[in-house]
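Take a look at the structure below.
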Amino acid sequence: MSDMAGFLGAATLWVKAAHVIFVIFWMAGMFMLPRFFVYHQESPPGSPEDARWVDRETRLRRIIITPSMIVVWVLGLTLALNADAFSQGWFHLKFAVVFALSGYHGWMVGYAKKLARGERPLPERTLRLLNEVPGIAAAVIVILAVVRPF
Ligand code: HEM
């Protein structure tokens, strides 16, 4: 079976399991951070509450979100080389959506830094709408990876 082929051999399923575990960590952070932003924005810049939110966001980014994203990428690219996924249609679209999700991640990190500088660039409504992005992206990615419709 294709699951056992490639240089990873019998380790393929373990690498795949690790891939999905770190996907969960990454996505958990992606759902939490914009939620934090909504609460953070209500605190006046320079207040003690503002400082607490800056601290929470920085820790979430440095301990969970960014390391998880890096692990997901490393394991995902390893799986792609292992399974020769670069020649498959589902993978092309998955790659594009994952790339966009990584861009969203980068944008969020930038937004956290703006909040830390005392800026409040977006209204709460827009933040709440943007909060839907990782959920939609995750649904599309999982369908592509599991169902592989093309
Ligand atoms: C960051 C870049 C990523 C790359 C390069 C990548 C690549 C891959 C590849 C090649 C496989 C198939 C492994 C195989 O069957 O041998 C796979 C499986 C999977 N990926 Fe990713 N992935 C990435 C990110 C993600 C993300 C962000 C999600 C979810 C939001 C995700 C969810 C899954 C799932 C659920 C599977 C298991 C599918 C199955 O049952 O075979 N991946 N990934």
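Only the coordinates and a few stated rules stand behind these numbers; no lab work does. Being a predicted model, the structure only gives us computed values, none of them experimental. Please note: Cβ atoms are built from the backbone with ideal geometry, for glycine as well, and neighbour counts cover all protein chains shown.
By the count of other C-beta atoms within 10 Å, a proxy for reagent exposure, Ser43, Ser87, Ser68 are ordered fewest to most as Ser87, Ser43, Ser68. Ellipticity at 222 nm from helices only: DSSP H runs of n ≥ 4 in the chain, each -39500 (n - 2.57), divided by the residue count, give -25000 deg cm²/dmol.
Counted over the range 80-150 with a bin width of 10 Å, the fraction of Cα pairs per bin, in whole percents, is 17, 39, 24, 15, 5. Compared with the dominant Cα axis of the chain, that is its longest principal axis, helix 48-59 is turned about 10°.
For the chain, the fraction of alpha-carbon pairs lying more than 19 Å apart is 57 percent, rounded to a whole number. Each peptide in 19-27, 124-132 gets a packing score, the mean of other Cβ atoms within 10 Å over its residues, and the list from highest to lowest is 19-27, 124-132.
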